[in-house]
1. Quick one: if you take sqrt(5λ) for each eigenvalue of the C-alpha gyration tensor of segment 49-198, what semi-axes come out, biggest first, whole angstrom?
2. Using a 1.4 Å probe on the protein heavy atoms only, what accessible surface does VAL189 show? Give it in Å² to the nearest 10.
3. Taking 0.36 nm per residue of sequence separation and subtracting the Cα-Cα distance, how much length would be gained by fully extending the chain between TRP78 and PHE232, in nm to one decimal?
4. Describe numerically, in nm with one decimal, the distance between label points set 7 Å from Cα along Cα→Cβ at LEU171 and at ILE149.
5. If DNA, RNA and ligands are ignored and the probe is 1.4 Å, what is the ranking of ASP148, ASP168 by accessible area, most exposed first?
6. Working out 0.36 nm times the residue gap between LEU16 and VAL129, then minus their Cα-Cα distance, what length gain in nm do you get to one decimal?
7. If you add up the charges near ARG164, with Lys and Arg at +1 and Asp and Glu at -1, over every other residue whose beta carbon is less than 15 angstrom from its beta carbon, what do you get?
Amino acid sequence: MNRSDPIYNTIALVILTIIFVLFWNFTTGTSDVEGRIASNEVVMDSLSIIYEHFYRMIPIFFTVVLFSLAITFFLEEWIPQQSWQYRIIERIIAILASIPSLVYGILGAYLLVIQSDRISYLTLIVTVVLLVVPVIIQSTQMAIQGVDIPVREAAYALGANRWRVIADHVLPNAFPVILGGIFIAISRVLAIAALIIVVYEWKITQLQSMISFGISKSVVILLSSALISSIFSSFLHKNSDYRTN
């Protein structure tokens, strides 16, 4: 272990703490007028506000995926791995990726259910970033680092520039693992969405003083889709390992 590693870990933790404190203050101190609904409206249409937030998350999700891929290629191809910038960003991503998905699920349930009248686009963006960015960046890093060095050296020896090497050699070889990481992120988001809907439906049964509580078809569909995405991701990773071997 490098002597400077504890320093970079401490800096990363301080940065994350500041970000979470600012995010917490923002979500508890601001309000989205469009998101406000009266309690009787919630009873009449229990899942409308949740689905509205999910639909708003779809373009945010794809934008965050592209942003994560761009950040990862910039880290791996342009920033030296021994630089302090690379080490701090790597520590931040490692800390976020090590947090269990259940914690993100509880955070999402708190924001989208308990604080549903305070949801704004910035809150949704930060939530999606926490769910997606660490997973995609780590899987993309693994994919890029798994490309054989002789492939790069041969391309450079033939006179190709960095952009050509990335587009013609690095990206095609790393694409299956990158796609697998994207499906892992999709599976994670779908599973947490199912958890949020379950919590929301339970909240509605409490408001209506209902004794029975069941799982809706939406939850089953989301969990099934999450399972399929996870299986497909495993298939892509296995197929990529087979090709490299």
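1. Working: eigenvalues 236, 45, 32 Å².
Calculated on Cα positions only, the semi-axes equal 34, 15, 13 Å.
2. Its accessible surface works out to 40 Å², give or take rounding.
3. Details: separation 154, 0.36 × 154 = 55.44 nm, distance 3.10 nm.
So the chain would gain 52.3 nm between TRP78 and PHE232.
4. A separation of 2.5 nm, rounded to one decimal place.
5. Values: ASP148 95, ASP168 75 Å².
Listed by decreasing accessible area, they come as ASP148, ASP168.
6. Numbers: separation 113, 0.36 × 113 = 40.68 nm, distance 1.31 nm.
Residue separation times 0.36 nm, minus the Cα-Cα distance, leaves 39.4 nm.
7. Working: positive: ARG152, ARG162; negative: GLU77, GLU153, ASP168.
Overall, the nearby charge balance is -1.
The values are calculated or read from the model by the stated rules, or taken from the named source; none is laboratory data. Keep in mind that this is a model prediction, so the values were computed, not measured. Virtual Cβ from ideal backbone geometry, glycine too; neighbours counted across all protein chains shown. Just so you know, the surface numbers come from the protein's heavy atoms only, side chains and all, with ligands and any DNA or RNA stripped out. Shrake-Rupley method; radii C 1.70, N 1.55, O 1.52, S 1.80 Å.
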